[in-house]
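The values are calculated or read from the model by the stated rules, or taken from the named source; none is laboratory data. Not measured: the values here are computed from a predicted model. Reconstructed Cβ throughout: ideal geometry from the backbone, glycine too, with neighbour counts over all protein chains shown. Side chains are part of the model used for accessible areas, which takes the heavy atoms of the whole protein and leaves out ligands, DNA and RNA. Shrake-Rupley method; radii C 1.70, N 1.55, O 1.52, S 1.80 Å.
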Amino acid sequence: RMGNVGGWEFDIDTQEQVWTEAVYHIHEVDITGRPTESKGFSFYAPASRPIMERAVQRAIEHGEPFDVELEIITARGNLRWVHAIGKADLERRRVIGFFQDVTGRKRAEEALWEERRQREAVLADLFEGAPVAYHELDRDGVVRRVNRAECALLGYQAGEMLGRPVWEFIAEAEREAA
């Protein structure tokens, strides 16, 4: 319960599913209901459903295990991220697996990515607007980024500088010292 983790089993022949209490809780459905294959897949968000359907199909047809993180829409209309792991037991004609609500972790990751994007945008603005000439080079000395001040100083447009070795923009007499 603490980890929002549950288990499930799918009968390949009857297409019936068995869920643990935690899986019912994650889907926000009454524990007295009996899930079926079509009902189980119907909880997946439109972009996630074909991914899960293919994963289960490949498990049944080829014995391939799966490990995916996808979005579901609960019975109450809440969007949740889930981590589903499954594998086929073809001898018993079952696909079995584990199911975890990872919404909290996904939201934290998204918040971190947004914070990073904002920091990068501020740094990009500082780089571009700096009154001093700046450029970024790759390991081979090729210009990957250049600011307006450097373009103005050297008399080039950024597009003319990008992808070219920095040495091309240094006077021949100064290259050795540079």
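Is it fair to say ARG80 is crowded, with 18+ Cβ neighbours inside 10 Å and not acidic (Asp, Glu)?
Working: crowded, with 18+ Cβ neighbours inside 10 Å: yes; not acidic (Asp, Glu): yes.
Here the answer is yes, as ARG80 does meet what is asked.
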In the range 90-178, which strands (runs of 3 or more DSSP E) lie fully inside it and hold 1 or more residues that are in contact with a Phe, Trp or Tyr (Cβ under 6 Å, 6 or more places away or on another chain)?
-> 94-101
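Which of the residues spanning the range 2-60 are among the polar types (S, T, N, Q) and open to solvent by less than 50 Å² (accessible area, probe 1.4 Å)?
Looking only at the range 2-60, we keep the residues that are among the polar types (S, T, N, Q), and these are 4, 14-15, 17, 20, 32, 36, 38, 42, 48, 57.
Those that are among the polar types (S, T, N, Q) and open to solvent by less than 50 Å² (accessible area, probe 1.4 Å): GLN17, SER48.
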So how many residues does the range 134-148 have that are at pLDDT 90 or above and either over 18 Å from ALA178 (Cβ atoms) or open to solvent by 60 Å² or more (accessible area, probe 1.4 Å) (or both)?
-> 9
Report, by residue number, each residue of the range 65-77 that is open to solvent by 60 Å² or more (accessible area, probe 1.4 Å) and over 17 Å from TRP8 (Cα atoms).
-> ILE73, ALA75, ARG76
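Return yes when TYR44 is among the aromatic types (Phe, Trp, Tyr) and in contact with a helix residue (DSSP H, G or I) (Cβ under 6 Å, 6 or more places away or on another chain) and no when it is not. Show your work before the answer.
Values: among the aromatic types (Phe, Trp, Tyr): yes; in contact with a helix residue (DSSP H, G or I) (Cβ under 6 Å, 6 or more places away or on another chain): yes.
Against the criterion (among the aromatic types (Phe, Trp, Tyr) and in contact with a helix residue (DSSP H, G or I) (Cβ under 6 Å, 6 or more places away or on another chain)), TYR44 qualifies.
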